[in-house]
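Notes to accompany the following structure.
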Amino acid sequence: MSTDQTHLTDFVQIRHAQKAFGQLEVLKDISLNVARGQIVAIIGPSGSGKSTLLRAINDLDPLTGGEIWLDGTQVNKSLPHRQYEKHINQMRQEIGMVFQHFNLFPHMTARENVTMAPKMLKGLSNEAADALAEEQLQKVGMLERIDYYPSQLSGGQKQRVAIARALAMKPKLMLFDEATSALDPELVDEVNQVMKKLAEEQMTMIIVTHEMDFAAAVCDRVLFMDQGVVVEEGPPEVIFKRPEKERTRAFLRKHL
Ligand code: ADP
Ligand code: MG
């Protein structure tokens, strides 16, 4: 694997990310470094490119320019097809992703949702996979529902199972794309609590969110994106209390 000395301090590096869908430039030269254990919030209006950026990190939406690095390895490497498949599957095991709409497998119980990837990709035995499912579901407070199907769970419970499923692969990085936006307000907090706990455990996370209070409480840095660029970034107390740019202020007036 290729490594590069400059990547040793920055666990995640997005270097000059550019993405176009045809003529539409969605990401315009975005760079971001995240240290190990750091938590970064990305905020910004709808359509500003937040989801595209997150999806670019594990190459689900390949960039049209720029590089993504994780822990010394380039994620979006240009390789012959078979080698690329092997490489990207490996990288994706190290990057957990949680979306707005749970994406649990509906025909599988919570346990089966959590154990499927570790069994298939890491060859875990049934016993080891069960122990792992119990451990991860315990962590998100869902052990009691281990044999329930998604249809028997609330939105908040489904999202907690989705987090447990991502954690079961022992990722180096967790990406959250509006993980609580689809939830009824009274269910938001149980999911936020799980994310807070991960933060306390020094999980490296990039979190796209509309919840400014949560971002302020949990994140080390906040990035404000608009129209494919990072308008402003800094610690939450600066971005939320005394942002420099008028675009940031205008956005926050509507959302705080
Ligand atoms: P956000 O998550 O900030 O709301 P997105 O990253 O979803 O923004 O979208 C940014 C822009 O890219 C939007 O204008 C959206 O319509 C466009 N876009 C996203 N995905 C695609 C796609 N697969 N094809 C064409 N345009 C897309
Ligand atoms: Mg989005």
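The values are calculated or read from the model by the stated rules, or taken from the named source; none is laboratory data. As the structure is a prediction and not an experimental result, all values here were calculated from the model. Here the Cβ is made from the backbone with ideal geometry for all residues, glycine too, and neighbour counts use every protein chain on show. The area values use the complete protein model at the heavy-atom level, side chains included, leaving out ligands, DNA and RNA. Shrake-Rupley method; radii C 1.70, N 1.55, O 1.52, S 1.80 Å.
List of remarks:
- Some residue of the stretch 30-44 being within 14 Å of ligand 1 (Cβ to nearest atom), part of a loop (DSSP other than H, G, I, E, B) and closer than 19 Å to residue 208 by Cα: yes
- Among the residues of the stretch 175-197, those identified as within 13 Å of the chain's Cα centre (by Cα) and among the hydrophobic types (A, V, I, L, M, F, W, C) are 175, 176, 179, 195.
- Any chance residue 124 is surrounded by fewer than 23 Cβ atoms within 10 Å (Cβ to Cβ), outside any helix (DSSP H, G or I) and touching a Pro at 6+ places or on another chain (Cβ under 7 Å): yes
- Residue tally, condition more than 24 Å from the chain's Cα centre (by Cα) and of a type outside the set (Phe, Trp, Tyr), over the stretch 117-150: 11
- Index of the failed condition, residue 48 passing every other in (1) part of a loop (DSSP other than H, G, I, E, B); (2) surrounded by fewer than 16 Cβ atoms within 10 Å (Cβ to Cβ): (2)
- Of the listed requirements (1) without any contact (Cβ under 8 Å) to a residue 60 or more places away in the chain; (2) surrounded by fewer than 15 Cβ atoms within 10 Å (Cβ to Cβ), residue 101 misses just one: (1).
- Some residue of the stretch 208-231 being surrounded by fewer than 17 Cβ atoms within 10 Å (Cβ to Cβ), under 17 Å from the mean Cα position of the chain (by Cα) and under 25 Å from residue 29 (Cβ atoms): yes
- Scope the stretch 141-161; condition out of contact with any helix residue (DSSP H, G or I) (no Cβ under 8 Å at 6 or more places or on another chain) and not hydroxyl-bearing (Ser, Thr, Tyr); matching residues: 144
- Identification of helices (runs of 4 or more DSSP H) wholly contained in the stretch 174-256 with 2 or more residues that are more than 18 Å from residue 38 (Cα to Cα) yields 185-200, 236-241, 246-255.
- Test: residue in the stretch 72-81 that is β-branched (Val, Ile, Thr) and either within 16 Å of ligand 1 (Cβ to nearest atom) or assigned to a helix (DSSP H, G or I) (or both): no
- Residue in the stretch 75-85 that is in contact with a strand residue (DSSP E or B) (Cβ under 7 Å, 6 or more places away or on another chain) and either aromatic (Phe, Trp, Tyr) or more than 16 Å from ligand 2 (Cβ to nearest atom) (or both) present: yes
- Qualifying residue in the stretch 85-107 (condition: outside any loop (DSSP other than H, G, I, E, B), within 16 Å of ligand 1 (Cβ to nearest atom) and within 30 Å of residue 187 (Cα to Cα)): yes
- Options 175, 153; residue that is open to solvent by less than 30 Å² (accessible area, probe 1.4 Å) and under 27 Å from residue 89 (Cα atoms): 175
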